[in-house]
Structures are given as C-alpha cells and as structure tokens.
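Working notes, beginning with the structure itself.
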Amino acid sequence: MPATPATRPLLIVAAFAASLAAGLLFTLWMLGGLQKVTAPAAIGGPFQLVDQGGMTVTEQSLKGKPTIVFFGFTHCPDVCPTALFDMSEVLRAMGKDGDRINAYFVSVDPERDTVGKMKDYLSSFDPRLKGLTGDPASVEKIISGYRVYAKKVPLKDGDYTMDHTALIYLMDRDGKFVRPFDLKRKPEEAATDLKRYL
C-alpha cells in the first residue's frame, strides 16, 4: 500500500531507527563488543584460596551447587557489610535450601585480610558465608579471572582503602557465570530466584 502524506513521516522515522540500530550492532560487532556480551564463560576460571577455617577452596569447589560471590574487604565501611548482610538474609530466607548454595566473600585486600581477620569479621554474618583470601598473587588471579576492578586508594593518615567492583556474581552448578545477582529486593524474592538454579 503506497504511503500517504500522513504516514510518510512515520516511515522515515522508522527507517532511520532501523538503520541506526543496524549501525550500532555492526559497530559493536566490529569492536568485539558482541563477543564480550555473549561470552559469559569469560568470567571465572581457576583459582586457589583459603577460607576462614583454613580450608583450601578452588574453582572445583563451586561445582555441584549454584554460587554467589562478592568481592570486598574487611575494612570496608559500608558497601561490603551491607552486601554480606543481604547475602546472609537471602540464605536465611532459603531455609534448608541455603545449605545447597555456595556463598563466598573474596578479599581484594590480602595484605590485611588474613584468615584470622576473615574469621572474626564473618562471625557477624550467616555461618554458611565463606570468606576467601590468600597471598597477593593468588588473590590477583581470581580478581583478574572475574574481571573485578580493585585498586588501593591512599588516605591522608597513611592508611588506605580499596576501591572495588561491588557486583554479586551468580555462578551455575558447573561453576559458569550466569549474570550479576540482584540483592536490592526482598530476601524472599531473591531466594526464590536463586532456588531456580538448584
């Protein structure tokens, strides 16, 4: 059906929008952006750390259970304790199913976060939440594997803090990255979402 004067502007706008979308997709493809979006397996990989009980934890420890992972540090003033509290609340809301989830807090500050420090710090949260640390090289390996941003920021008094990625990583039963996990909702809603991966 031929375009009428009334519909011609709509057709022009639609054609422009389509060409814009096609151009954007082509540009992303040329820059490799689409490959990054469609390759979730690029997040994760081999690591070897120690939990707050002194037990070795590797990428193999993730297999068989869905896993939620948060990177932070024990001297963190607000973001980290809030995230760990939220993770604890989700585990609580899951009831016994919470035993079928791996929940890890990975330190980005191995200089201060010793096994003993992690044990003391995590005593305030759900006991199923495991804190992982290690020597700087081992910590750097998992930070790199999970594409985490972590940088030491000096403070005026000679001390330092850490600037870091604040995502919760959701890994499936095979240890493969699924997506960032949203904790900014009711614990019961997050628990129901997480149970889908059991």
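The values are calculated or read from the model by the stated rules, or taken from the named source; none is laboratory data. The shown structure was predicted, so the numbers you read here are calculated from the model rather than taken from an experiment. Don't worry about glycine lacking a Cβ; one is built from the backbone with ideal geometry, like all the others, and counts go over all protein chains shown.
Data for the structure
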{"item": "Lone unmet requirement of (1) outside any loop (DSSP other than H, G, I, E, B); (2) farther than 21 Å from Ser88 by Cβ for Glu188", "result": "(2)"}
{"item": "Listing of helices (runs of 4 or more DSSP H) fully contained in region 51-148 that carry 2 or more residues being closer than 16 Å to His164 by Cα", "result": "79-94, 136-145"}
{"item": "Residue under evaluation Thr165, criteria (1) within 16 Å of the chain's Cα centre (by Cα); (2) modelled with pLDDT of 95 or more, criterion not met", "result": "(2)"}
{"item": "Lone qualifier among Leu91, Leu84 - being within 21 Å of Ala150 (Cβ to Cβ) and either buried (at least 18 other Cβ atoms within 10 Å of the Cβ) or touching a strand residue (DSSP E or B) at 6+ places or on another chain (Cβ under 8 Å) (or both)", "result": "Leu84"}
{"item": "Every residue from region 101-155 that is under 19 Å from Pro66 (Cβ atoms) and in contact with a Pro (Cβ under 8 Å, 6 or more places away or on another chain)", "result": "Ile101, Asn102, Gly145"}
{"item": "Qualifying residue in region 172-186 (condition: among the small types (Gly, Ala, Ser) and under 16 Å from Ile143 (Cβ atoms))", "result": "no"}
{"item": "Test result for Tyr149, aromatic (Phe, Trp, Tyr) and either free of Cβ contacts under 8 Å to residues at least 60 places away in the same chain or on the phi > 0 side of the Ramachandran plot (or both)", "result": "yes"}
{"item": "Cross-chain or 6+ apart pairs with Cβ under 8 Å, region 108-136 first and under 19 Å from Leu62 (Cβ atoms), then of a type in the set (D, E, K, R) and part of a loop (DSSP other than H, G, I, E, B)", "result": "Met118/Asp51; Lys130/Asp51; Gly131/Asp51; Gly131/Asp113; Leu132/Asp51; Thr133/Asp113"}
{"item": "Check on Met55, under 24 Å from Phe177 (Cα atoms) and surrounded by 14 or more Cβ atoms within 10 Å (Cβ to Cβ)", "result": "no"}
{"item": "Condition broken by Gly116, with the remaining ones in (1) farther than 24 Å from Arg92 by Cα; (2) surrounded by 14 or more Cβ atoms within 10 Å (Cβ to Cβ); (3) of a type in the set (Gly, Ala, Ser) satisfied", "result": "(2)"}
